């Protein structure tokens, strides 16, 4: 069960506000770099959200001037292999859970979005970025390859050659270029980021959550399915949606020329 109210402390804050589940990274002095406690907190937050049937949208955000500066290198320096394994286990476990949800996942980001932070953001369904945000693969700068699905998501969003350029050179791109590349959906003034994200998540939270779940999985699967396989998957998804209360409401609302009042089931 998620917390009913925003908790006062912790490196990963998670709580539910109506149908909106929040996950907020909270190591601002460390630019929200991932340490083992934070990775475990992220996994726990995702487990709680996955078990909470009232969740209809997930909002990822971070305290401070950076969304996430990647892994905590100071934490890894003394004993890199086991610490890296613990970080990856927590983050990858959480990513798998978020990908399996019906509820869409929306991120609002600022400052640095680097390393594992970039992988996490690229796995969200929509991303809003504040002006001045910089996105970077970062791994080659420390002599490492990718985690947090970065190497899976990056070529799907920006294409193979651009993905290779960003990965091999380790250069960062600013928010407007990230928008043109498909790394984010919208760019806004820093002081408008929270309000614009809230407007979006509230709109999604009022939508047909089961249908959103099928759409999320279909769109992701389309990148590796054959057409024949995907047509079967679409037929299965539509048939499942046709049996929901939200489908009945959507059809009735359309025929009555009124807004639909979806309940998420």
Using a Förster distance of 51 angstrom, determine the FRET efficiency expected from the C-beta separation of residue 215 and residue 78, and round it to 0.05. 0.70
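If the chain between residue 185 and residue 254 were fully stretched, how many nm would it gain, using 0.36 nm times the residue separation less the Cα-Cα distance?
Numbers: separation 69, 0.36 × 69 = 24.84 nm, distance 2.84 nm.
Full extension from residue 185 to residue 254 adds 22.0 nm.
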Between segment 237-255 and segment 125-141, how far is it from one alpha carbon centroid to the other, in angstrom? 37 Å
Separation between Cα centres of segment 175-236 and segment 1-57, rounded to whole Å: 21 Å
Rank 165, 194, 131 by mean-square fluctuation in a GNM of the chain with C-alpha springs under 10 angstrom and give only the top-ranked residue. 165
If R₀ is 22 angstrom, what is the calculated FRET efficiency for the pair residue 196 and residue 239, using the beta carbon separation as r and rounding to 0.05? 0.05
Relative packing of peptides 63-76, 7-20 - highest average C-beta neighbours within 10 Å first: 63-76, 7-20
Which FRET efficiency, nearest 0.05, do residue 53 and residue 144 yield, Cβ-Cβ r, R0 41 Å? 0.60
Compute a Gaussian network model of the chain, connecting alpha carbons closer than 10 Å, and tell me which residue from 61, 180, 151 fluctuates the most. 180
Per its Cα gyration tensor (rounded if a/c is under 1.5, else prolate when a/b beats b/c, else oblate), segment 111-265 is best filed as oblate
In a Gaussian network model of the chain with springs linking alpha carbons closer than 10 Å, the residue among 51, 195, 245 that fluctuates most is 195
Treat the count of other C-beta atoms within 10 Å as a stand-in for reagent exposure and order 230, 224 from fewest to most. 224, 230
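Based on other C-beta atoms within 10 Å, arrange 135, 238, 212 from fewest to most. All intermediate terms of the calculation are to be shown ahead of the outcome.
On the way: 135 27, 238 13, 212 22.
Ordered from fewest to most neighbouring Cβ atoms within 10 Å, 135, 238, 212 come out as 238, 212, 135.
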Give the shape of the chain as rounded, prolate or oblate, defined through the alpha-carbon gyration tensor: a ≥ b ≥ c are the square roots of its eigenvalues, a/c under 1.5 means rounded, and otherwise the shape is prolate if a/b is larger than b/c and oblate if not. prolate
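Any idea what the relative contact order of segment 12-205 is, in percent, if you count C-alpha pairs under 8 Å spaced at least 6 apart? Present the calculation step by step, with values, prior to reporting the outcome.
Working: 395 pairs, mean separation 39.2, N = 194.
That works out to 20 percent.
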Burial ordering of 251, 109, fewest other beta-carbon atoms within 10 Å first: 251, 109
Taking the chain and counting helices only, DSSP H stretches of n ≥ 4 at -39,500 (n - 2.57) each over all residues, the nearest-500 ellipticity at 222 nm comes to -15000 deg cm²/dmol
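Computed from the coordinates by the stated procedures, all read-outs in this text should not be read as laboratory data. Keep in mind it's a predicted model, so treat the numbers as computed, not measured. Glycine also receives a Cβ, built like all others from the backbone with ideal geometry; neighbour counts cover every protein chain displayed.
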